[in-house]
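Have a look at the structure below, then the notes.
The values are calculated or read from the model by the stated rules, or taken from the named source; none is laboratory data. Keep in mind the model is a prediction, meaning the values are calculated, not measured. Using ideal geometry, Cβ is built from the backbone for each residue, glycine included, and neighbour counts are taken over all protein chains shown. We work out accessible area using only protein heavy atoms, side chains counted, and drop any ligands, DNA or RNA first. Shrake-Rupley method; radii C 1.70, N 1.55, O 1.52, S 1.80 Å.
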Amino acid sequence: MRLGKPIAVATLFWAGALVWVSQTSGLPAGSTVVQAAEDRDRNNGDHEGNLDRDLASVLSAAGFTGDIQRTFQRRIEKNLGRRINPKLVELGRLLWFDKGQSLGRDNTCGGCHSPTNGLGDTQTLAIGVQNNNVVGPGRSGPRNQRRTPSAVNTALYPAMMWNGRFNSLSLDPFDTSDGFRFPFPEADQRFSRQEDMKHGITHLLQAQAHMPPTELIEVAGFTGTCPNGVPDPTLGPRFCQFDDGKGETVPLPDPSTGNRNEPIRQKTMHILNSMPAYRRLFGSVFPEVAKGDPIDFYMFGKAIAEFEFSLVFADAPLDQFARGDRDAMTKSEKRGALVFFGKANCAQCHKVEGKSNEMFSDFQERVIGVPQIAPSFGKGKGNVIFAGPGEDEDFGLEEITGQQEDRYKFRTAPLRNLAVSPGFFHNGAFTSLEDAIRFHLNVHAEGKKYNPVTAGVPEDLTHRLGPQVPRHLLDPLVQRRIKLTDQEFDNLVTFVRDGLLDKEATKLCHLIPRSVPSGMPVMVFQGCP
């Protein structure tokens, strides 16, 4: 049986198409503003003033304000009915880096969401449990199914995970009135409208934070899943090799659902409630704990979410330019932005208007045919059995819906702060931004000649290449090649890499605590003092 729930927490690079900006954005296809700017650029006759006016017009027509960071502060305070609580942020930060609250006792959020990479992965394909306690290029252990997305700016996302399996049905992370979409059994039980109101769940992140600790491959581990060599009926005998006896024993599935999520959460809470330091910390924020009530998982989820609320870094050069600072961007970044919104046709899927929250994503699932790489299954190699006859495919959204028409669909990724990523797309199939963009401009042809060695992925991921996604399954928006000149291509890369980077996202080593409440050693973060 395949392990059905891969890497968690909150950015597939460009799981959407590079296509004409949406008609609803106010910038019609063939815009004379974009065309005029492109003509001047081709003729090398553009003046700085013309370039600035053209870009300002394009951004205005697309509805881009560059003010989303300040807007977020107002919206989150309205959502919570209060300001962000520094004590709760600090509690969430400590939990983020403390292995002591996990059943596997060797990984936690920070092991995959590292401050060295904008709270994203240090790996092209994630390594969760049974790691070597190192976070960075030297991390080793069995690989999971997908690359860990960045946790930065996730407070603004209406849909999470590479296959979009956690989302707000209102398409607004701040609006829970329509409830959430979570896979069975969470949506109908833990996150029903009644439960949300009862426990004060007002934001998508407060619900999503309930999930990562339950993932065996990420945090919980496999200890006790093959007692005395007897295979777990859910996992099967092939997973017995991962039961190393380390950490806490994973509880049996809940008989009513056949699912381990809630039993794992309850055991995690038992661990936290046994630690006086965490009792004090939770008690300083939740009066009921101070009075003697137990810490519950709704409190845990709120602490993790509150920390993530403090991680909005969306003040890139493009934002500053949109607010009036014409010197915030270089000429190359400005020209690249015009290519992005114009000839390269990026902005229909990588949207900036409306419920996109200026995150450069429509947060929809699409097929773009990313080359399929997969680690070998086995101890120290990979701990997920991939799909397909060769066990070397990732079926994406189909894993959640069970519908074959959803095969190979992945969520359009937000594009902010990509400069800190070591890999792109849901599986890190490309390690350079240039190669990732080049693939996107000519999906079928580039996919056909893909070579994992020249793409630069780690050696252990170069041996198994799944079948190419059939051309007829590709999203219509990436069916045709988009031709750019060398200069246009270079400018586009510069814009995506530098024009969308908030440099504050590169300065996060200070988040790593010197010690954590459990008393366990903090992981070693390569690249941080």
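The DSSP beta bridges internal to the chain are antiparallel in roughly 75% of cases.
Judged by the ratio a/c of the largest to the smallest principal axis of the C-alpha gyration tensor, region 251-383 counts as oblate, that ratio being 1.5 or greater while a/b is no larger than b/c. Each residue of region 455-467 was assigned a 3J(HN,Hα) from its phi angle through the Karplus curve 6.51 cos²θ - 1.76 cosθ + 1.60 (θ = phi - 60°); the sequence is 6, x, 6, x, 3, 5, 9, 9, 9, 10, 10, x, x Hz, with glycine and proline shown as x.
With every protein chain left in place, what is the accessible area per residue of the chain in square angstrom, probe 1.4 Å? Working shown, then result.
Working: 19850 Å² over 529 residues.
With all protein chains present, the chain gives 38 Å² per residue.
Ignoring any ligand, DNA or RNA, what whole percent of the accessible area of region 359-517 comes from carbon and sulfur when the probe is 1.4 angstrom?
Numbers: 3080 of 6650 Å².
Heavy-atom surface of region 359-517 belonging to carbon and sulfur, 1.4 Å probe: 46 percent.
Taking Rh as the Kirkwood radius computed over C-alpha pairs, what is the Stokes-Einstein D of region 392-461 at 4 °C in a medium of viscosity 1.567 mPa s, expressed in µm² per second?
Values: Rh = 13.5 Å.
It diffuses with D of about 96 µm²/s by this estimate.
When all alpha carbon pairs of region 170-329 are counted in 10 Å bins from zero, the resulting P(r) reads 9, 29, 29, 20, 9, 4, 0 %. Computing FRET efficiency as 1/(1 + (r/R0)^6) for Q320 and N85, where r is the C-beta to C-beta distance and R0 is 35 Å, gives about 0.75. The trypsin sites (Lys or Arg not before Pro) found in region 142-174 include none that occupy coil by DSSP while having at most 10 further C-beta atoms within 10 Å. Each helix, a run of at least 4 DSSP H residues, gives -39500 (n - 2.57); summed and divided by the residues of the chain, these come to -8000 deg cm²/dmol at 222 nm. Across all Cα atoms of the chain, the radius of gyration (one decimal) and Dmax (whole number) stand at 22.8, 76 Å. Quick one: grab the alpha carbon gyration tensor of region 450-497, order the square roots of its eigenvalues as a ≥ b ≥ c, and give me rounded if a/c is under 1.5, else prolate or oblate depending on whether a/b is larger than b/c. The shape class here is oblate. Taken along the Cα-to-beta-carbon direction at a fixed 7 Å, the label points for R514 and S256 span 4.7 nm. Once divided by 2.2 N^0.38 Å, the Cα radius of gyration of region 145-195 becomes 1.18.
Could you tell me the convex hull volume per residue, in Å³, taken over the Cα atoms of region 379-529? Intermediate values should be presented prior to the final figure.
On the way: hull volume 27.6 nm³, N = 151.
About 183 Å³ per residue, rounded to a whole number.
Taking the Cα centre of region 400-529 as reference, the dipole from Cβ charges on Lys and Arg (+1) and Asp and Glu (-1) amounts to some 240 debye. Packing order of peptides 314-326, 269-281, highest average first: 314-326, 269-281 (average count of other Cβ atoms within 10 Å over each peptide's residues). Any idea which of T462, P476, V443 is furthest toward the positive side of the dipole for region 407-529, if Lys and Arg beta-carbons carry +1 and Asp and Glu beta-carbons -1? Of the candidates, P476 comes out farthest on the positive side.
Give me D for region 340-401 in µm² s⁻¹, whole number, from Stokes-Einstein with Rh from the Kirkwood sum over alpha-carbon pairs, 25 °C and 0.890 mPa s.
The diffusion coefficient I find is 169 µm²/s.
Its Cα centre serving as origin, region 85-125 has a Cβ charge dipole (Lys and Arg +1, Asp and Glu -1) of approximately 120 debye.
Decide, for region 420-502, between rounded, prolate and oblate: order the square roots of the alpha carbon gyration tensor eigenvalues as a ≥ b ≥ c, take rounded if a/c falls under 1.5, and otherwise choose prolate if a/b is larger than b/c, else oblate. Intermediate results must be reported in sequence, preceding the final value.
Working: a/c = 1.97, a/b = 1.15, b/c = 1.71.
Note, shape of region 420-502 comes out oblate.
Think of each Lys and Arg Cβ as +1 and each Asp and Glu Cβ as -1; about the Cα centre, that makes the dipole of the chain roughly 500 debye. For the chain, the residue among H47, V516, T116 whose Cα projects farthest onto the positive side of the dipole built from Cβ charges is V516.
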